[in-house]
Amino acid sequence: APVSSLPLAGDVPGAEPWRWSLRTDDGLELNESDLRDKRSNWLRDLLSIGKSRVLLRVADRLFGTTVWAAFVAGIYEAKSLMGMPEDGVVARAMETLLVPTWPHEAVGGFLAILLVFRTDQAYERFWEGRELWATVHSSTRCLSMLALSHYGPGATRD
């Protein structure tokens, strides 16, 4: 789940200060033991599928696709079980239901190239952020060395 905020665990009473506390977009607070427990309780997860927001959003399309697939599979099985001739009405209907493979191949190739470009863009953004962080780190180090050289160790400000 996407993380909406990352408060330090030190803000949580009784938590160790070096650990992070994660919150999902639903406001659910996660920690290491919660994640481990959630992975191991597969039966609860399976039974809670009906509450899924993603499933509710795609349920109508999923239902339509399932009905269409069952229809095509039923026609195919009826043809093979009844031993219908290859030049009959059902055979001609099956030929009209056939989907050529080239559109799927073309879309697959397009999606592969799109994925490569998006991954490359994400890496470039990551690298730019890393370079900016290195600049901030270097500037902070220079500033602290300048302050230490000006005041010296153990010096007090008046």
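Students sometimes get this wrong: rank PHE63, PHE126 by accessible area, probe 1.4 Å, all chains present, largest first.
PHE63, PHE126
How much accessible area does LEU43 have with a 1.4 Å probe, in Å² rounded to the nearest 10?
Approximately 90 Å² of LEU43 is accessible to the 1.4 Å probe.
With every protein chain present, what accessible area does TRP68 have (1.4 Å probe, heavy atoms only), rounded to the nearest 10 Å²?
140
Leaving ligands, DNA and RNA out of it, work out the accessible area of VAL89 with a 1.4 Å probe and give it in Å² to the nearest 10.
Per-residue accessible area (VAL89): approximately 110 Å².
The values are calculated or read from the model by the stated rules, or taken from the named source; none is laboratory data. All values derive from a computational prediction rather than experimental measurement. Side chains included, ligands, DNA and RNA excluded: accessible areas come from the protein's heavy atoms. Shrake-Rupley method; radii C 1.70, N 1.55, O 1.52, S 1.80 Å.
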